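The values are calculated or read from the model by the stated rules, or taken from the named source; none is laboratory data. Because the structure is predicted, anything quoted here is derived from the model rather than measured. Methodologically, a virtual Cβ is constructed for each residue, glycine included, from the backbone with ideal geometry; neighbour enumeration extends over all protein chains shown.
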Amino acid sequence: MIKAILIFSNQGKPWLSKFYQPYSEDTQQQIIGETFHLVSKRDENVCNFLEGGLLIGRSDNKLIYRHYATLYFVFYVDSSESELGIFDLIQVFVETLDKCFENVCELDLIFHVDKVHNILVEMVMGGMVLETNMNEIVTQIDTQNKLEKSEYLIPHFDNHDRE
Amino acid sequence: CPLQAASQRTQPLGPSERGADTTAIMPAVSKGDGMRGLAVFISDIRNCKSKEAEIKRINKELANIRSKFKGDKALDGYSKKKYVCKLLFIFLLGHDIDFGHMEAVNLLSSNKYTEKQIGYLFISVLVNSNSELIRLINNAIKNDLASRNPTFMCLALHCIANVGSREMGEAFAADIPRILVAGDSMDSVKQSAALCLLRLYKASPDLVPMGEWTARVVHLLNDQHMGVVTAAVSLITCLCKKNPDDFKTCISLAVSRLSRIVSSASTDLQDYTYYFVPAPWLSVKLLRLLQCYPPPEDAAVKGRLVECLETVLNKAQEPPKSKKVQHSNAKNAILFETISLIIHYDSEPNLLVRACNQLGQFLQHRETNLRYLALESMCTLASSEFSHEAVKTHIDTVINALKTERDVSVRQRAADLLYAMCDRSNAKQIVSEMLRYLETADYAIREEIVLKVAILAEKYAVDYSWYVDTILNLIRIAGDYVSEEVWYRVLQIVTNRDDVQGYAAKTVFEALQAPACHENMVKVGGYILGEFGNLIAGDPRSSPPVQFSLLHSKFHLCSVATRALLLSTYIKFINLFPETKATIQGVLRAGSQLRNADVELQQRAVEYLTLSSVASTDVLATVLEEMPPFPERESSILAKLKRKKGPGAGSALDDGRRDPSSNDINGGVEPTPSTVSTPSPSADLLGLRAAPPPAAPPAPASAGNLLVDVFDGPAAQPSLGPTPEEAFLRFVCKNNGVLFENQLLQIGVKSEFRQNLGRMYLFYGNKTSVQFQNFSPTVVHPGDLQTHILSGVAQPPGSSLVDGGAQVQQVLNIECLRDFLTPPLLSVRFRYGGAPQSLTLKLPVTINKFFQPTEMAAQDFFQRWKQLSLPQQEAQKIFKANHPMDAEVTKAKLLGFGSALLDNVDPNPENFVGAGIIQTKALQVGCLLRLEPNAQAQMYRLTLRTSKEPVSRHLCELLAQQF
């Protein structure tokens, strides 16, 4: 089972955090901090699997991460998940983001955190892998975008919308 | 432009092979259909120069949103959505959000998809399961589930799965299976329903009743839609762990699905082909599912599966279909899972050796991830008897990994593997490599390495001087990480082995010469010289005064605990070496000892001084005699390593099956008998063996039943008083009383238990005036409890008569070899007035009889409680009180049950908390219990945590019936 999914920047700013087990808000922030600390000081080309930090499970939980340009993608999983499977799932996640945002970059994730969540929702549910087929996920997201367009016809650059 | 900050943020993440074509400066607002106000707010935050400025901006925004929400003007859905989005963003930055929940809940009932979606998102990120809003949320979910709109249904299912609370389980657990197997559900809905159900089942299994749907879930493995199959496999994997028999049919379905995937061409599965690998995730999940079961029984299924496994191993040797790393990752994900399954089956030597060779290749792979996984897998492979030797051939590579890997997590795996592959043939090499590694090892893993070295050195020691050297080296290299368990253990072993005592004394004496030696060395040295210093006293270089002054030169630098130990060494010296008496008495008499501020030190000084002055040499020699050998039991080091690593950690040594000859020093790691034979002849009464009963009694019909048969034949008599089951239950918390009584016979019991031993006196009273003939009580062992009966019925041998009104006695000596669930049975046969009588009763020997109460402080209790937090270690029961709820009675029962009662541990004084250790010959099981009475509801909640799952459950059941 996936316990948590985190995305943060090279500076440790969290742009997405999704916990599939209840943690208090304080603990969530501590986990993010601890994870950043664990991951950020690692060289490139070392192993992408780590034992979990103190807060989230220790030896039973593994931390699987990938580093893309300015962002870290971190999945906390228990022993029932295949490390390489999750490693590839992160890749699928990023490739899907790339398709949905056309050349995704860090700013996309910052400004569209709701969309990122929606993409994640199509892939992972309650901590279990729901769908791994990128085309299927992208199709779902496209449908949502169309729905959104049909529901809102208001121009987005109106002055009233500046706040 | 505010968005121009940090242009590197626009660097594409580059997941694909595309070049680094930099994108526009303002991608965020130019792409997609983002909300302008939200974007402006986010850029404001990003431009904040300081934390204070950020907080100020956020507070301004929160005030703004709050006023909008409270304002008179009704907000349209779009605005609500925007503000909720802002709140989410603020939350993510680590700020508390204490409003907006109601607005989010309102969005749930919107008929606009995007509003509903953002409402659900907010709730799954921000709403706690105990929120008061849960009723409103549940209502919205209910409507969406019933909407027959697949998109809405999926949103609702996601919400249930993400919150996963008990309330939601109660509200929806019954509906989800129906949605899952309904013929008209869309694929996406089925997928979501499967995982939703899985989540609810994990959270509260009692809420998900097994039923007719389970069979149909298994058949989802045949579904056309691969996404549905993937979700279904996850669900089945979880369900079958608790109900393996209900889901057995999944084995053949999983095998045939797997076989179809593995043998398909790389393009057959279209979208589910990932970089030329067909359906890697599904394959991995199927292989995991199969690991829940033993190898298939059906030969055809098994043949097909073995073929699959061979195909995967073969494919690993084929040239890759793509140079992309994703291709090899996906392929290897399947390969590693295949190897896990082969190791799990542990029955195909050919496959095991192939797996080992494959992993051997990976050990030298240039990808760090693969080296890591190979080391990890090989660790489990090392414990298989088929592949242990094959694993050992890689020792040099693994040692090299320990020395050269840049990454600590990989080095850690290498150390684990060395530990697992260690046996007598390579122990010296491995231990010396691990010692060398220890000098540079990361601080985080030093203690674990120390424990491992200590265990290996003990287990594979051929000569004990090597063992002593190794432990002293440990203290020298990593003294801070040598825990009490380790240095206690070396003392135990030296005490128990007289052939190593002289060497140990010499070695510690030499080690203590070092100008700066670790305090643990002083402790070990102090203890050993105090016991065995006489063995080296003949050498003038280590004469008694030299030994004393060497130890005493360290005294002032040591902690209180060490100084206390040294004081004991000194008094032992007075006995060993009378010539040191005056010097030592001088030291004890010094003001710094006699008036020491530390009570322990002062007391020792005063008492030792007096003892040395008043006691005669003989008395002194008796009091200060060499310590007796320590009882052999499980190595406390091994126990500690297991605690550190969770259950199964010490597995390489646990079973000891590879090296049965290795138990010469440590009784603790010798192979534990996995089954104890229960020869029934030994249960015969000695007194009766000479005169077997005329008719061989048939075996009891069903060993598990309490009262198999009471007095068949015409003279059958019902029992008096409590039913036998009730009587048996009463004995759970007491040791003496009447076990059975009817018109003819009364059976009384008196028993006592100490550690894993017990003695039980059975009294058979003939209540009639007529003699019983062929009276033959025997004990039958349905389970693992072996009982030896030392004395027979107290009557002349050869006779089996009980006169009218007489009582005969039988003594049973009981030894608990390992934990057990079923009690032994007492079978009594005799003839009364010519009619054969027989009855079978459960003997009141339950596992709790072997409890040893353990006192501990609250802090220790909670620490242990936390250590036993795996779900299978806990058993809990909530039940109605059957007797008046009297605290004193409860206390007496808990004490009778055998555990210690701990005061001032539970914050609620009404609750009872207890701790104890179940002593069996093979192992000890630590138990913690907590009983929470609720007088108002007349209910109890009982929680048991032990290190063994069946024990937790069994104790919980036994004890729950007492109140």
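Brief remarks follow.
- B:PHE753 vs. criteria of a type in the set (Phe, Trp, Tyr), crowded, with 17+ Cβ neighbours inside 10 Å, modelled with pLDDT of 50 or more and in contact with a strand residue (DSSP E or B) (Cβ under 6 Å, 6 or more places away or on another chain): no
- Every residue from region B:317-339 that is over 17 Å from A:LEU89 (Cα atoms) and either of a type in the set (Lys, Arg) or more than 13 Å from chain A (Cβ to nearest Cβ) (or both): B:GLN317, B:GLU318, B:PRO319, B:PRO320, B:LYS321, B:SER322, B:LYS323
- Evaluation of A:GLN140 against (1) facing another protein chain (nearest Cβ under 7 Å); (2) more than 15 Å from the chain's Cα centre (by Cα); (3) surrounded by fewer than 24 Cβ atoms within 10 Å (Cβ to Cβ) (one fails), failing number: (1)
- Among the residues examined, B:GLU485 qualifies as modelled with pLDDT under 85 and either assigned to a helix (DSSP H, G or I) or on the phi > 0 side of the Ramachandran plot (or both).
- The residue that is farthest from B:ARG46 (Cα to Cα), counting only those in region A:8-28 that are in contact (Cβ under 8 Å) with a residue 60 or more places away in the chain and not aliphatic (A, V, I, L, M), is A:GLN21.
- Test: B:ILE343 is buried (at least 18 other Cβ atoms within 10 Å of the Cβ), within 28 Å of the chain's Cα centre (by Cα) and under 20 Å from B:LEU418 (Cβ atoms): yes
- Test: residue in region B:389-398 that is modelled with pLDDT of 90 or more, more than 25 Å from B:GLU310 (Cβ to Cβ) and surrounded by 20 or more Cβ atoms within 10 Å (Cβ to Cβ): yes
- Applying the criterion of being within 22 Å of B:ILE55 (Cα to Cα) and outside any helix (DSSP H, G or I) to the residues of region B:78-124, the residue that is nearest to the other protein chains (Cβ to nearest Cβ) is B:GLY94.
- Within region B:164-199, tally of residues that are within 9 Å of chain A (Cβ to nearest Cβ) and in a helix (DSSP H, G or I): 8
- Conditions (1) at pLDDT below 90; (2) of a type in the set (Lys, Arg); (3) surrounded by 21 or more Cβ atoms within 10 Å (Cβ to Cβ): number failed by B:ARG446: (3)
- Within region B:376-410, the residues that satisfy the criterion of being more than 10 Å from chain A (Cβ to nearest Cβ), in a helix (DSSP H, G or I) and touching an Asp or Glu at 6+ places or on another chain (Cβ under 7 Å) are B:CYS379, B:ILE399, B:LEU402.
- Filter result (within 14 Å of chain A (Cβ to nearest Cβ), assigned to a helix (DSSP H, G or I), β-branched (Val, Ile, Thr) and touching a residue at least 40 places away in the same chain (Cβ under 8 Å)) within region B:253-310: B:VAL284
- Of note, B:ALA605 does not satisfy the criterion of being in a loop (DSSP other than H, G, I, E, B) and on the phi < 0 side of the Ramachandran plot.
- Residue match in region B:415-433 (condition: surrounded by fewer than 19 Cβ atoms within 10 Å (Cβ to Cβ), closer than 27 Å to B:ILE343 by Cβ and within 14 Å of chain A (Cβ to nearest Cβ)): no
- Number of residues in region B:763-781 that are farther than 30 Å from B:PHE820 by Cβ and not in a loop (DSSP other than H, G, I, E, B): the value is 4.
- Subset tally (residues that are assigned to a helix (DSSP H, G or I), closer than 17 Å to B:LYS642 by Cα and either touching a residue at least 12 places away in the same chain (Cβ under 8 Å) or not assigned by the TED database to the domain that holds B:LEU929 (or both)) for region B:856-877: 5
Every residue, every condition in (1) out of contact with any Ser or Thr (no Cβ under 8 Å at 6 or more places or on another chain); (2) at pLDDT below 85; (3) more than 30 Å from B:GLN746 (Cβ to Cβ), yes or no:
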{"site": "B:TRP865", "(1), (2), (3)": "yes, no, yes"}
{"site": "B:PRO884", "(1), (2), (3)": "yes, yes, no"}
{"site": "B:GLY896", "(1), (2), (3)": "yes, no, no"}
{"site": "B:PRO907", "(1), (2), (3)": "yes, yes, yes"}
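- Residue identified as of a type in the set (Val, Ile, Thr) and touching a residue at least 24 places away in the same chain (Cβ under 8 Å) among B:VAL486, B:VAL546: B:VAL486
- Output for region B:555-602, where each listed residue is outside any helix (DSSP H, G or I) and of a type in the set (Lys, Arg): B:ARG595
- Test: A:LYS62 is in contact with a strand residue (DSSP E or B) (Cβ under 6 Å, 6 or more places away or on another chain), more than 9 Å from every other protein chain (Cβ to nearest Cβ), surrounded by fewer than 24 Cβ atoms within 10 Å (Cβ to Cβ) and not aliphatic (A, V, I, L, M): yes
- Matching residues in region B:544-562 - criterion: being of a type outside the set (Gly, Ala, Ser) and more than 14 Å from B:ILE584 (Cα to Cα): B:LYS554, B:HIS556, B:LEU557, B:CYS558, B:VAL560, B:THR562
- A single member of B:ALA935, B:ALA960 is of a type outside the set (Ser, Thr, Tyr), surrounded by fewer than 18 Cβ atoms within 10 Å (Cβ to Cβ), out of contact with any Gly (no Cβ under 7 Å at 6 or more places or on another chain) and farther than 16 Å from B:PHE820 by Cβ, and it is B:ALA935.
- For region A:75-115, a tally of residues being closer than 25 Å to B:VAL228 by Cβ and either more than 7 Å from chain B (Cβ to nearest Cβ) or assigned to a loop (DSSP other than H, G, I, E, B) (or both) returns 15.
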